[in-house]
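Heads up: the structure comes next, in C-alpha coordinates.
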Amino acid sequence: MDLCGKRVLVMGLGLQGSGIAAARYAAQQGAVVRVTDMKSPEVLAPSVHALTGLPIEFVLGEHRNEDFLWAEIVIRNPGVPLTSPYLLLAREHGASIEMEIALFFLACPGRIIGITGTRGKTTTASLIYKILQDSGTSTVLGGNVAGVETLSLLPRITPETLVVLELSSWQLEGLASHALSPPVAVMTNVYPDHLNTYESMEDYAEAKANIFRHQHADDLAVFNYDNSWTRRFGEEAPGQVWFTSIERGGSFERGSTTISPFIFNETLLVGKHNLENVLLATTTSRLLGVSDEIIARATGSFHGVAHRLEEVAVVNGVRYINDSASTTPVAGRVGVEAFRGSIVLVAGGNTKHLPLEDWPATIVRCCRDVVLLAGTGTDELLPTLHEEAVKQGVSDPVRGVFDNFTRALDTAVLLTLPGDVLLFSPGFTSFGMFLNEFDRGDQFVAYVRRLKGEQK
(Lines give C-alpha, C1' and ligand atoms only; values in the text may rest on other atoms or scores of the structure.)
Protein backbone atom coordinates (compact mmCIF):
# COMPACT_ATOMS: atom_id res chain seq x y z
CA MET A 1 0.00 0.00 0.00
CA ASP A 2 1.45 3.35 -1.05
CA LEU A 3 1.40 5.80 1.85
CA CYS A 4 3.72 8.43 0.36
CA GLY A 5 2.17 11.89 0.61
CA LYS A 6 -1.05 10.56 2.18
CA ARG A 7 -2.61 12.09 5.29
CA VAL A 8 -2.42 9.23 7.79
CA LEU A 9 -4.04 9.30 11.22
CA VAL A 10 -2.94 6.65 13.74
CA MET A 11 -5.82 6.08 16.18
CA GLY A 12 -4.39 4.67 19.39
CA LEU A 13 -0.69 5.09 20.10
CA GLY A 14 -0.77 2.73 23.06
CA LEU A 15 2.08 1.36 25.13
CA GLN A 16 2.71 -2.09 23.64
CA GLY A 17 4.18 -1.39 20.21
CA SER A 18 1.39 -1.57 17.60
CA GLY A 19 0.58 2.15 17.43
CA ILE A 20 4.24 3.11 17.68
CA ALA A 21 5.11 0.82 14.78
CA ALA A 22 2.25 2.12 12.63
CA ALA A 23 3.25 5.75 13.19
CA ARG A 24 6.93 5.05 12.54
CA TYR A 25 6.21 3.02 9.39
CA ALA A 26 3.84 5.62 7.94
CA ALA A 27 6.35 8.43 8.56
CA GLN A 28 9.18 6.40 7.01
CA GLN A 29 6.98 5.76 3.96
CA GLY A 30 6.61 9.50 3.43
CA ALA A 31 3.11 9.99 4.82
CA VAL A 32 1.94 13.08 6.66
CA VAL A 33 1.33 11.51 10.07
CA ARG A 34 -0.83 12.52 13.00
CA VAL A 35 -1.42 10.39 16.11
CA THR A 36 -4.47 10.59 18.38
CA ASP A 37 -5.01 8.79 21.70
CA MET A 38 -7.35 9.30 24.64
CA LYS A 39 -4.58 8.56 27.15
CA SER A 40 -2.76 11.51 28.66
CA PRO A 41 0.64 12.76 27.45
CA GLU A 42 2.10 11.68 30.80
CA VAL A 43 0.98 8.05 30.39
CA LEU A 44 2.07 7.94 26.74
CA ALA A 45 5.43 9.67 27.28
CA PRO A 46 7.49 6.46 26.66
CA SER A 47 5.70 5.84 23.36
CA VAL A 48 6.11 9.45 22.23
CA HIS A 49 9.79 9.30 23.17
CA ALA A 50 10.21 6.18 21.00
CA LEU A 51 9.19 8.29 17.98
CA THR A 52 11.55 11.19 18.68
CA GLY A 53 12.99 12.73 15.52
CA LEU A 54 10.18 11.66 13.20
CA PRO A 55 7.84 14.26 11.62
CA ILE A 56 4.75 13.21 13.59
CA GLU A 57 2.05 15.42 15.14
CA PHE A 58 0.49 14.20 18.42
CA VAL A 59 -3.02 14.90 19.69
CA LEU A 60 -3.18 13.24 23.11
CA GLY A 61 -5.80 13.12 25.84
CA GLU A 62 -8.65 13.46 23.36
CA HIS A 63 -10.05 12.52 19.95
CA ARG A 64 -11.12 15.43 17.71
CA ASN A 65 -13.57 15.19 14.83
CA GLU A 66 -11.33 17.46 12.76
CA ASP A 67 -8.53 14.88 12.77
CA PHE A 68 -10.80 12.18 11.35
CA LEU A 69 -12.15 14.59 8.73
CA TRP A 70 -8.53 15.46 7.80
CA ALA A 71 -7.36 11.86 7.34
CA GLU A 72 -7.20 9.97 4.04
CA ILE A 73 -6.16 6.80 5.86
CA VAL A 74 -6.88 5.90 9.50
CA ILE A 75 -4.76 3.16 11.05
CA ARG A 76 -6.71 1.96 14.06
CA ASN A 77 -5.23 0.27 17.08
CA PRO A 78 -6.50 -3.33 17.52
CA GLY A 79 -8.40 -2.26 20.65
CA VAL A 80 -10.52 0.31 18.79
CA PRO A 81 -13.87 -1.19 17.68
CA LEU A 82 -15.01 -0.75 14.08
CA THR A 83 -18.21 0.77 15.47
CA SER A 84 -16.32 3.77 16.89
CA PRO A 85 -18.20 6.95 15.86
CA TYR A 86 -14.85 8.52 14.92
CA LEU A 87 -14.12 5.70 12.47
CA LEU A 88 -17.64 5.99 11.06
CA LEU A 89 -17.08 9.72 10.56
CA ALA A 90 -13.78 9.15 8.77
CA ARG A 91 -15.27 6.44 6.55
CA GLU A 92 -18.27 8.63 5.66
CA HIS A 93 -15.84 11.27 4.42
CA GLY A 94 -13.87 8.90 2.22
CA ALA A 95 -11.06 7.67 4.46
CA SER A 96 -9.94 4.05 4.33
CA ILE A 97 -9.64 2.24 7.66
CA GLU A 98 -6.57 0.06 8.03
CA MET A 99 -4.65 -1.81 10.72
CA GLU A 100 -0.94 -2.29 11.29
CA ILE A 101 -1.17 -6.03 10.70
CA ALA A 102 -2.79 -5.61 7.27
CA LEU A 103 -0.02 -3.23 6.20
CA PHE A 104 2.47 -5.85 7.36
CA PHE A 105 0.80 -8.69 5.43
CA LEU A 106 0.69 -6.60 2.25
CA ALA A 107 4.41 -5.79 2.48
CA CYS A 108 5.80 -9.05 3.93
CA PRO A 109 7.88 -11.21 1.52
CA GLY A 110 8.22 -14.15 3.95
CA ARG A 111 5.94 -17.12 4.65
CA ILE A 112 3.57 -16.25 7.49
CA ILE A 113 2.56 -18.72 10.21
CA GLY A 114 -0.43 -17.23 12.04
CA ILE A 115 -1.60 -18.43 15.46
CA THR A 116 -4.88 -17.44 17.08
CA GLY A 117 -7.23 -18.64 19.80
CA THR A 118 -8.78 -17.42 23.02
CA ARG A 119 -6.17 -19.17 25.16
CA GLY A 120 -2.70 -20.44 24.41
CA LYS A 121 -1.85 -18.44 21.31
CA THR A 122 1.14 -16.67 22.86
CA THR A 123 2.62 -19.88 24.27
CA THR A 124 2.01 -21.79 21.03
CA ALA A 125 3.47 -19.02 18.86
CA SER A 126 6.49 -18.64 21.13
CA LEU A 127 7.22 -22.38 21.10
CA ILE A 128 6.90 -22.59 17.30
CA TYR A 129 9.30 -19.66 17.06
CA LYS A 130 11.81 -21.33 19.41
CA ILE A 131 11.66 -24.63 17.52
CA LEU A 132 12.24 -22.88 14.18
CA GLN A 133 15.07 -20.83 15.68
CA ASP A 134 16.73 -23.96 17.05
CA SER A 135 16.41 -25.62 13.65
CA GLY A 136 18.53 -22.86 12.11
CA THR A 137 15.66 -21.47 10.04
CA SER A 138 15.51 -17.72 9.43
CA THR A 139 12.52 -16.68 11.54
CA VAL A 140 10.95 -13.71 13.37
CA LEU A 141 8.17 -13.41 15.96
CA GLY A 142 5.58 -10.63 15.93
CA GLY A 143 1.90 -9.75 15.85
CA ASN A 144 0.03 -9.51 19.14
CA VAL A 145 3.25 -9.75 21.15
CA ALA A 146 3.82 -7.11 23.82
CA GLY A 147 6.61 -4.71 22.98
CA VAL A 148 7.17 -5.95 19.42
CA GLU A 149 6.79 -3.47 16.55
CA THR A 150 5.74 -5.91 13.85
CA LEU A 151 6.12 -3.47 10.94
CA SER A 152 9.67 -2.78 12.10
CA LEU A 153 10.52 -6.44 11.41
CA LEU A 154 10.11 -5.98 7.64
CA PRO A 155 13.75 -5.06 6.86
CA ARG A 156 14.86 -8.39 8.40
CA ILE A 157 12.49 -10.53 6.34
CA THR A 158 13.38 -12.25 3.05
CA PRO A 159 11.35 -14.73 0.96
CA GLU A 160 13.09 -17.51 2.93
CA THR A 161 12.05 -16.16 6.35
CA LEU A 162 9.34 -17.94 8.34
CA VAL A 163 7.28 -15.24 10.05
CA VAL A 164 5.50 -16.38 13.23
CA LEU A 165 2.61 -14.07 14.15
CA GLU A 166 0.31 -14.24 17.14
CA LEU A 167 -2.99 -12.78 15.89
CA SER A 168 -5.87 -11.45 17.98
CA SER A 169 -9.48 -11.40 16.83
CA TRP A 170 -9.21 -7.64 16.28
CA GLN A 171 -6.10 -7.99 14.14
CA LEU A 172 -7.80 -10.69 12.08
CA GLU A 173 -10.67 -8.27 11.42
CA GLY A 174 -8.09 -6.01 9.80
CA LEU A 175 -7.15 -8.80 7.37
CA ALA A 176 -10.73 -9.57 6.36
CA SER A 177 -11.20 -6.38 4.32
CA HIS A 178 -8.24 -7.45 2.14
CA ALA A 179 -9.35 -11.11 1.99
CA LEU A 180 -6.04 -12.14 3.59
CA SER A 181 -5.21 -15.24 5.63
CA PRO A 182 -1.75 -16.59 6.48
CA PRO A 183 -0.60 -19.58 4.39
CA VAL A 184 -0.08 -21.51 7.65
CA ALA A 185 -2.83 -21.08 10.26
CA VAL A 186 -3.01 -22.51 13.78
CA MET A 187 -6.11 -22.30 16.02
CA THR A 188 -5.76 -23.22 19.68
CA ASN A 189 -9.36 -22.93 20.92
CA VAL A 190 -12.32 -20.56 21.13
CA TYR A 191 -13.96 -19.69 24.45
CA PRO A 192 -16.20 -16.77 25.47
CA ASP A 193 -14.16 -13.55 25.49
CA HIS A 194 -14.46 -9.88 24.49
CA LEU A 195 -18.25 -10.10 24.58
CA ASN A 196 -18.19 -6.51 25.78
CA THR A 197 -17.04 -5.55 22.26
CA TYR A 198 -18.61 -8.30 20.11
CA GLU A 199 -22.36 -8.64 19.76
CA SER A 200 -22.33 -12.41 20.31
CA MET A 201 -20.13 -15.45 20.74
CA GLU A 202 -20.72 -16.24 17.06
CA ASP A 203 -19.41 -12.82 16.01
CA TYR A 204 -16.30 -13.27 18.14
CA ALA A 205 -15.65 -16.77 16.79
CA GLU A 206 -16.15 -15.60 13.21
CA ALA A 207 -13.54 -12.89 13.70
CA LYS A 208 -11.12 -15.63 14.75
CA ALA A 209 -12.09 -17.68 11.68
CA ASN A 210 -10.55 -15.05 9.41
CA ILE A 211 -7.25 -16.81 10.06
CA PHE A 212 -8.26 -19.53 7.56
CA ARG A 213 -11.27 -18.17 5.62
CA HIS A 214 -9.13 -16.81 2.77
CA GLN A 215 -6.59 -19.60 2.55
CA HIS A 216 -5.97 -21.48 -0.70
CA ALA A 217 -6.21 -25.21 -1.37
CA ASP A 218 -2.48 -25.75 -0.91
CA ASP A 219 -2.28 -23.77 2.36
CA LEU A 220 -2.02 -25.47 5.76
CA ALA A 221 -4.20 -25.17 8.86
CA VAL A 222 -3.85 -26.93 12.23
CA PHE A 223 -6.77 -27.06 14.69
CA ASN A 224 -7.31 -28.30 18.24
CA TYR A 225 -9.83 -31.14 17.84
CA ASP A 226 -10.68 -31.14 21.56
CA ASN A 227 -12.39 -27.75 21.37
CA SER A 228 -15.82 -27.79 19.72
CA TRP A 229 -15.37 -24.46 17.91
CA THR A 230 -11.97 -25.23 16.43
CA ARG A 231 -13.05 -28.76 15.52
CA ARG A 232 -15.94 -27.28 13.52
CA PHE A 233 -13.70 -24.70 11.88
CA GLY A 234 -11.28 -27.45 10.90
CA GLU A 235 -14.02 -29.10 8.87
CA GLU A 236 -14.72 -25.78 7.09
CA ALA A 237 -11.16 -24.74 6.20
CA PRO A 238 -10.35 -24.72 2.45
CA GLY A 239 -6.70 -25.82 2.74
CA GLN A 240 -4.88 -28.90 3.97
CA VAL A 241 -6.04 -29.54 7.54
CA TRP A 242 -4.50 -31.35 10.49
CA PHE A 243 -6.13 -31.85 13.88
CA THR A 244 -4.41 -32.25 17.24
CA SER A 245 -6.01 -34.00 20.20
CA ILE A 246 -4.69 -34.68 23.67
CA GLU A 247 -7.77 -36.84 24.25
CA ARG A 248 -6.91 -38.99 21.22
CA GLY A 249 -3.22 -38.96 22.00
CA GLY A 250 -1.77 -37.19 18.97
CA SER A 251 -2.42 -35.54 15.62
CA PHE A 252 -4.14 -36.66 12.43
CA GLU A 253 -4.98 -35.35 8.98
CA ARG A 254 -8.58 -34.40 8.25
CA GLY A 255 -10.42 -37.44 6.97
CA SER A 256 -7.81 -39.89 8.28
CA THR A 257 -8.08 -42.36 11.15
CA THR A 258 -4.30 -42.72 11.48
CA ILE A 259 -2.99 -40.90 14.56
CA SER A 260 0.59 -39.71 14.84
CA PRO A 261 1.34 -40.19 18.57
CA PHE A 262 2.18 -37.24 20.80
CA ILE A 263 5.82 -37.91 21.72
CA PHE A 264 6.94 -34.44 22.83
CA ASN A 265 5.31 -34.37 26.27
CA GLU A 266 8.55 -33.86 28.20
CA THR A 267 7.94 -30.21 29.03
CA LEU A 268 8.61 -27.70 31.80
CA LEU A 269 5.10 -26.24 31.36
CA VAL A 270 2.29 -27.10 33.77
CA GLY A 271 -1.36 -27.88 33.06
CA LYS A 272 -3.31 -29.90 30.52
CA HIS A 273 -3.94 -26.77 28.48
CA ASN A 274 -0.19 -26.39 27.98
CA LEU A 275 0.02 -29.95 26.67
CA GLU A 276 -2.56 -28.86 24.06
CA ASN A 277 -0.32 -25.89 23.18
CA VAL A 278 2.77 -28.09 22.92
CA LEU A 279 0.96 -30.60 20.70
CA LEU A 280 -0.19 -27.82 18.36
CA ALA A 281 3.29 -26.28 18.18
CA THR A 282 5.14 -29.56 17.65
CA THR A 283 2.65 -30.81 15.04
CA THR A 284 2.97 -27.54 13.11
CA SER A 285 6.76 -27.69 13.32
CA ARG A 286 6.78 -31.25 11.99
CA LEU A 287 4.59 -30.21 9.08
CA LEU A 288 7.09 -27.41 8.38
CA GLY A 289 9.83 -30.02 8.08
CA VAL A 290 11.65 -29.72 11.41
CA SER A 291 13.18 -32.98 12.68
CA ASP A 292 11.84 -34.77 15.77
CA GLU A 293 15.22 -34.46 17.49
CA ILE A 294 15.25 -30.66 17.23
CA ILE A 295 11.57 -30.42 18.23
CA ALA A 296 12.15 -32.56 21.34
CA ARG A 297 15.20 -30.58 22.42
CA ALA A 298 13.51 -27.20 21.91
CA THR A 299 10.31 -28.29 23.65
CA GLY A 300 12.14 -29.73 26.64
CA SER A 301 14.04 -26.49 27.24
CA PHE A 302 11.12 -24.10 26.68
CA HIS A 303 10.32 -22.22 29.90
CA GLY A 304 7.08 -20.64 28.75
CA VAL A 305 6.08 -16.99 28.50
CA ALA A 306 5.94 -14.16 31.02
CA HIS A 307 2.60 -13.61 32.79
CA ARG A 308 1.34 -17.10 31.84
CA LEU A 309 1.70 -19.47 34.80
CA GLU A 310 5.20 -18.06 35.20
CA GLU A 311 7.02 -19.27 38.31
CA VAL A 312 8.61 -16.09 39.66
CA ALA A 313 10.36 -17.47 42.75
CA VAL A 314 10.19 -19.84 45.69
CA VAL A 315 10.22 -17.96 48.99
CA ASN A 316 10.10 -19.76 52.35
CA GLY A 317 8.99 -22.92 50.56
CA VAL A 318 6.10 -21.16 48.76
CA ARG A 319 5.94 -21.09 44.93
CA TYR A 320 4.86 -17.70 43.58
CA ILE A 321 3.10 -17.98 40.20
CA ASN A 322 2.36 -15.01 37.92
CA ASP A 323 -0.64 -15.71 35.69
CA SER A 324 -1.61 -12.09 35.09
CA ALA A 325 -2.52 -12.83 31.44
CA SER A 326 -5.54 -14.65 32.89
CA THR A 327 -8.25 -12.15 31.93
CA THR A 328 -11.26 -14.49 31.57
CA PRO A 329 -13.04 -16.95 33.87
CA VAL A 330 -11.93 -19.85 31.64
CA ALA A 331 -8.32 -18.75 32.06
CA GLY A 332 -8.83 -18.42 35.81
CA ARG A 333 -10.20 -21.97 36.02
CA VAL A 334 -7.39 -23.41 33.91
CA GLY A 335 -4.81 -21.65 36.08
CA VAL A 336 -6.18 -23.17 39.27
CA GLU A 337 -6.45 -26.63 37.70
CA ALA A 338 -2.77 -26.57 36.72
CA PHE A 339 -1.65 -27.11 40.34
CA ARG A 340 -2.06 -29.79 42.98
CA GLY A 341 -1.83 -29.26 46.71
CA SER A 342 -2.66 -26.16 48.75
CA ILE A 343 -3.32 -22.98 46.78
CA VAL A 344 -3.61 -19.41 48.02
CA LEU A 345 -5.33 -17.61 45.16
CA VAL A 346 -5.21 -13.90 44.38
CA ALA A 347 -7.91 -13.09 41.81
CA GLY A 348 -10.41 -10.45 40.76
CA GLY A 349 -10.68 -7.33 38.63
CA ASN A 350 -13.13 -5.83 36.16
CA THR A 351 -15.67 -7.72 34.11
CA LYS A 352 -15.97 -8.40 30.39
CA HIS A 353 -19.47 -9.79 31.03
CA LEU A 354 -18.41 -13.39 30.43
CA PRO A 355 -20.08 -16.45 31.99
CA LEU A 356 -18.31 -17.62 35.15
CA GLU A 357 -19.29 -21.24 34.38
CA ASP A 358 -17.48 -23.67 36.72
CA TRP A 359 -14.66 -21.32 37.77
CA PRO A 360 -16.25 -20.56 41.20
CA ALA A 361 -16.71 -24.28 41.88
CA THR A 362 -13.09 -24.94 40.92
CA ILE A 363 -11.86 -22.17 43.22
CA VAL A 364 -13.82 -23.45 46.21
CA ARG A 365 -12.75 -27.06 45.55
CA CYS A 366 -9.05 -26.35 44.99
CA CYS A 367 -8.09 -23.18 46.87
CA ARG A 368 -7.65 -23.06 50.65
CA ASP A 369 -7.57 -19.26 50.78
CA VAL A 370 -8.77 -16.60 48.33
CA VAL A 371 -7.81 -12.93 48.30
CA LEU A 372 -9.74 -10.73 45.87
CA LEU A 373 -8.93 -7.44 44.14
CA ALA A 374 -11.84 -5.01 43.98
CA GLY A 375 -13.64 -4.56 40.67
CA THR A 376 -16.86 -5.12 38.77
CA GLY A 377 -15.84 -8.70 37.99
CA THR A 378 -15.16 -9.38 41.65
CA ASP A 379 -18.66 -8.11 42.41
CA GLU A 380 -19.96 -10.90 40.15
CA LEU A 381 -17.63 -13.57 41.52
CA LEU A 382 -17.97 -12.97 45.25
CA PRO A 383 -21.60 -14.11 45.76
CA THR A 384 -21.03 -17.20 43.59
CA LEU A 385 -18.10 -18.22 45.80
CA HIS A 386 -20.28 -17.89 48.89
CA GLU A 387 -23.01 -19.98 47.23
CA GLU A 388 -20.55 -22.61 46.05
CA ALA A 389 -19.02 -22.99 49.52
CA VAL A 390 -22.46 -23.71 50.92
CA LYS A 391 -23.18 -26.15 48.09
CA GLN A 392 -19.91 -28.04 48.66
CA GLY A 393 -20.36 -27.99 52.44
CA VAL A 394 -17.04 -26.26 53.12
CA SER A 395 -16.02 -23.02 54.80
CA ASP A 396 -15.93 -19.89 52.67
CA PRO A 397 -12.32 -19.45 51.38
CA VAL A 398 -12.57 -15.69 50.77
CA ARG A 399 -10.32 -13.74 53.15
CA GLY A 400 -11.09 -10.24 51.94
CA VAL A 401 -11.56 -7.83 49.03
CA PHE A 402 -8.88 -5.17 48.58
CA ASP A 403 -8.61 -1.99 46.53
CA ASN A 404 -4.87 -1.80 47.19
CA PHE A 405 -2.67 -4.35 45.41
CA THR A 406 0.15 -4.35 47.97
CA ARG A 407 -2.22 -4.88 50.89
CA ALA A 408 -3.88 -7.73 49.01
CA LEU A 409 -0.55 -9.43 48.42
CA ASP A 410 0.60 -8.80 51.99
CA THR A 411 -2.55 -10.57 53.19
CA ALA A 412 -2.04 -13.49 50.79
CA VAL A 413 1.57 -13.97 51.90
CA LEU A 414 0.53 -14.14 55.56
CA LEU A 415 -1.87 -16.97 54.64
CA THR A 416 0.80 -19.15 53.03
CA LEU A 417 2.57 -22.16 54.49
CA PRO A 418 5.67 -24.00 53.22
CA GLY A 419 4.68 -26.19 50.28
CA ASP A 420 1.86 -23.88 49.17
CA VAL A 421 1.37 -22.25 45.79
CA LEU A 422 0.51 -18.55 45.82
CA LEU A 423 -1.24 -18.18 42.48
CA PHE A 424 -1.93 -14.77 40.99
CA SER A 425 -4.53 -15.60 38.34
CA PRO A 426 -7.08 -12.75 38.21
CA GLY A 427 -9.64 -14.13 35.73
CA PHE A 428 -10.73 -10.58 34.90
CA THR A 429 -9.33 -7.50 33.16
CA SER A 430 -6.82 -5.21 34.80
CA PHE A 431 -8.18 -1.78 33.97
CA GLY A 432 -8.74 0.56 36.88
CA MET A 433 -6.02 -0.54 39.27
CA PHE A 434 -3.41 -1.15 36.52
CA LEU A 435 -2.51 0.10 33.03
CA ASN A 436 -3.00 -3.38 31.54
CA GLU A 437 -2.38 -7.05 32.35
CA PHE A 438 1.36 -6.67 31.68
CA ASP A 439 1.66 -3.81 34.16
CA ARG A 440 -0.35 -5.92 36.61
CA GLY A 441 1.99 -8.87 36.16
CA ASP A 442 5.10 -6.69 36.37
CA GLN A 443 3.88 -5.27 39.69
CA PHE A 444 3.33 -8.80 41.03
CA VAL A 445 6.81 -9.90 39.90
CA ALA A 446 8.40 -6.81 41.48
CA TYR A 447 6.57 -7.51 44.76
CA VAL A 448 7.77 -11.14 44.85
CA ARG A 449 11.35 -10.15 44.07
CA ARG A 450 11.30 -7.62 46.92
CA LEU A 451 9.90 -10.32 49.17
CA LYS A 452 12.63 -12.73 48.15
CA GLY A 453 15.27 -10.07 48.78
CA GLU A 454 13.92 -9.47 52.28
CA GLN A 455 14.25 -13.18 53.10
CA LYS A 456 17.97 -13.36 52.28
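At-a-glance table
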quantity	calculated
Potential lengthening between Ala313 and Glu247 on full extension [0.36 nm per residue; Cα-Cα distance subtracted]	20.5 nm
R0 of 56 Å, Cβ-Cβ distance Thr384-Thr158: FRET efficiency to nearest 0.05	0.60
Sorted peptide list for 410-417, 166-173, 46-53, criterion being average Cβ within 10 angstrom, highest first	166-173, 410-417, 46-53
Helical mean residue ellipticity (222 nm; -39500 (n - 2.57) per DSSP H run of 4+; nearest 500) of the chain	-11500 deg cm²/dmol
Rg to Rh quotient for region 228-346, alpha carbon positions, Kirkwood Rh	1.02
Volume of the Cα convex hull of region 54-107, divided per residue and given in Å³	107
Size of electric dipole in region 164-300: Cβ of Lys, Arg +1 and of Asp, Glu -1, about Cα centre, debye, nearest 20	300
Unit charges on C-beta of K, R, D, E only; dipole of region 60-147, Debye	500
Accessible carbon and sulfur surface of the chain relative to its total accessible area, %, 1.4 Å	51
Farthest toward positive dipole pole in the chain [+1 Lys/Arg, -1 Asp/Glu at C-beta], among Ala90, Val33, Ile259	Ile259
P(r) histogram, all alpha-carbon pairs of region 324-456 included - 5 Å bins from 0, percent	2, 11, 22, 26, 22, 11, 4, 1, 0
Mean projection area, nm², convex hull over Cα of region 145-304	10.6
Span from the region 178-241 Cα centroid across to the region 4-38 one, whole angstrom	29
Dimensions in Å of region 1-58 - Rg and Dmax from alpha carbons	10.6, 33
Normalised contact order of region 152-228, rounded percent, pairs of Cα under 8 Å and 6 or more residues apart	39
q = 0.09, 0.15, 0.17 Å⁻¹: log10 I(q)/I(0) that the Debye formula gives for region 32-181, counting C-alpha atoms only	-0.33, -0.89, -1.09
Under the Debye formula (equal points on every Cα, no solvent term), log10 I(q)/I(0) of region 179-271 at q = 0.18 Å⁻¹	-0.86
Extension gain from Arg231 to Ser200, taking 0.36 nm per residue of separation minus the Cα-Cα distance	9.2 nm
Region 292-355 versus region 93-128: alpha-carbon centroid distance in Å	25
Whether region 21-92 is rounded, prolate or oblate, judged on the alpha carbon gyration tensor where a/c under 1.5 counts as rounded	oblate
Rg to Rh, two decimals, where region 335-409 supplies the alpha carbon set and Rh follows Kirkwood	0.94
DSSP bridge pairs, the chain: antiparallel proportion in percent, nearest 5	20
Size of electric dipole in the chain: Cβ of Lys, Arg +1 and of Asp, Glu -1, about Cα centre, debye, nearest 20	800
Separation of the His178 and Glu266 label points, Cα + 7 Å toward Cβ, nm	4.2
Calculated FRET value between Leu88 and Leu417, using beta carbons and R₀ = 51 Å, to 0.05	0.35
Contact order relative to length of region 233-352, as percent, for alpha carbon pairs under 8 angstrom and 6 or more apart	18
Peptides ranked, highest mean first, by Cβ atoms within 10 Å: ranges 343-356, 187-200, 321-334	321-334, 343-356, 187-200
Relative contact order %, region 322-456, counting alpha carbon pairs below 8 Å whose residues are six or more apart	38
Gain on full stretching of the segment that runs from Glu293 to Ser256 - 0.36 nm per residue minus C-alpha separation	10.8 nm
Per residue Cα convex hull volume in Å³ - calculated over the chain	156
Cα-projected label distance for His353 with Ala107, points at 7 Å along beta-carbon direction, nm	3.7
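The values are calculated or read from the model by the stated rules, or taken from the named source; none is laboratory data. Every value quoted in this text rests on a predicted model; they were computed, and no experiment measured them. Positions of Cβ are backbone-derived with ideal geometry, glycine not excepted, and every protein chain shown enters the neighbour counts. With ligands, DNA and RNA removed, areas are computed over all heavy atoms of the protein, side chains included. Shrake-Rupley method; radii C 1.70, N 1.55, O 1.52, S 1.80 Å.
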